[in-house]
Amino acid sequence: MADNKNKGMFASILGLPNDDPKKTIIVAFLLCLVCSVLVSTSAVMFKPLQVANKQADIKKNILAVTGLLNESSDVNTLFEQFEVKIIDLETGEYSDIDPDTYDQKKAADDPAQSIQLSQQQDIANIARRAKFAKVYLLKDGNNLKQVVLPVHGYGLWSTLYGFVSIESDFNTIGGLQFYSHAETPGLGGEVDNPKWRKQWQGKKAFNDSGELKIEVIRGHVDFQVAGAEHQVDGLSGATLTSRGVSNLVNFWLGNDGFGPYLKKMSEAEK
Ligand SMILES: Cc1cc2nc3c(=O)[nH]c(=O)nc-3n(C[C@H](O)[C@H](O)[C@H](O)COP(=O)(O)O)c2cc1C
């Protein structure tokens, strides 16, 4: 009975002339309803896939920064070579927080899980820093080969998120790789240029006295000049992004970032 009534209602609406305002409004409303149901259903359905893709992308970038990314091998299998740990940035000690559930980006936004940086400390322009950070240890048996550190900081238009890998002397840089930024392609976006990224390999973060010296300079590195082992060429036409990268690397390798951890680890190695 009710079904017949609905059918009758639909038939009477469809039977209206196409230029009838009542028909236009009802058809537009139904179309919006169907589309919103489709959009929300697909957003919910694809959420796990999006999360998995994001995680796979992070793993790919960690493999790339350590030179292990290889198109013919499975990312998850390659990533098994890494041990993921959480460290207390202030003390440089390992913590027992579960790395699988720890979200450093969320923690940085939570006043209870982060610290507010003073203007003097905040050279990377990030305002707050999570108290705990993930580190990715690349090991060969019991021997540590490289440690990958997540870094982020402001360039010109955006916050750049990436990884720096450090060799087992806790001084030599293995690589730098960004997985997210919105700098201008061809200018600041050249941070992704493999030629420019390659320059980071083998650079020394600290001098013999343990001072942090790494920097992106303006122009080209003069290899005849003392200190060239701490310098990387600036990106032409992108001085502000270059300065941002220099600052973020200095922040994260410095005392307010992974400095205490790197110091502790290099002393333990001696
Ligand atoms: C459309 C547009 C996009 C730009 N994008 C960037 C950028 O991504 N990174 C950057 O450092 N400078 C960028 N610049 C240039 C800066 O505004 C600034 O001029 C430059 O950083 C100065 O560096 P230079 O001394 O190497 O030219 C852009 C400029 C324009 C007009």
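Every number here is computed from the coordinates shown, using simple stated rules; none is lab data. The model shown is predicted, which means the values in this text are computed figures rather than measured ones. Note: ideal-geometry Cβ built from the backbone for every residue, glycine included; neighbour counts use all protein chains shown.
Listed values, structure above:
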quantity	calculated
Signed unit charges on C-beta, dipole axis of the chain, positive-most listed residue 68, 89, 56	56
Per residue convex hull volume, Cα atoms of the stretch 2-59, in Å³	99 Å³
For the stretch 1-134, alpha-carbon Rg relative to the globular expectation (2.2 N^0.38 Å, N residues)	1.90
Mean Cβ count within 10 Å, highest first, over the residues of peptides 225-232, 140-147	225-232, 140-147
Mean Cβ neighbour count within 10 Å, used as a protection proxy, ranking 203-211, 20-28 highest first	203-211, 20-28
Surface/4 estimate of mean projected area, convex hull on alpha-carbon atoms of the stretch 132-270, nm²	8.6 nm²
Cα centroid of the stretch 172-239 to Cα centroid of the stretch 90-145, whole Å	23 Å
Residue-span extension gain [residue 26 to residue 145] - 0.36 nm each, minus C-alpha spacing	36.3 nm
Violating pairs (Cα-Cα greater than 27 angstrom) within the set 106/195; 60/204; 213/264; 198/263	106/195
Per residue, the convex hull volume that the Cα atoms of the chain enclose (Å³)	237 Å³
For the stretch 81-269: relative contact order, % (alpha-carbon pairs under 8 angstrom, 6 or more apart)	20 percent
Charge dipole (debye, nearest 20) of the chain; +1 at Cβ of Lys and Arg, -1 at Cβ of Asp and Glu	760 debye
Extension gain, residue 105 back to residue 36 (0.36 nm per residue minus Cα-Cα distance, nm)	21.8 nm
Candidate lysines for bridging to residue 22, where Cα separation is under 18 Å - those fewer than 8 sequence places away on the same chain excluded	7
Helical mean residue ellipticity (222 nm; -39500 (n - 2.57) per DSSP H run of 4+; nearest 500) of the chain	-12000 deg cm²/dmol
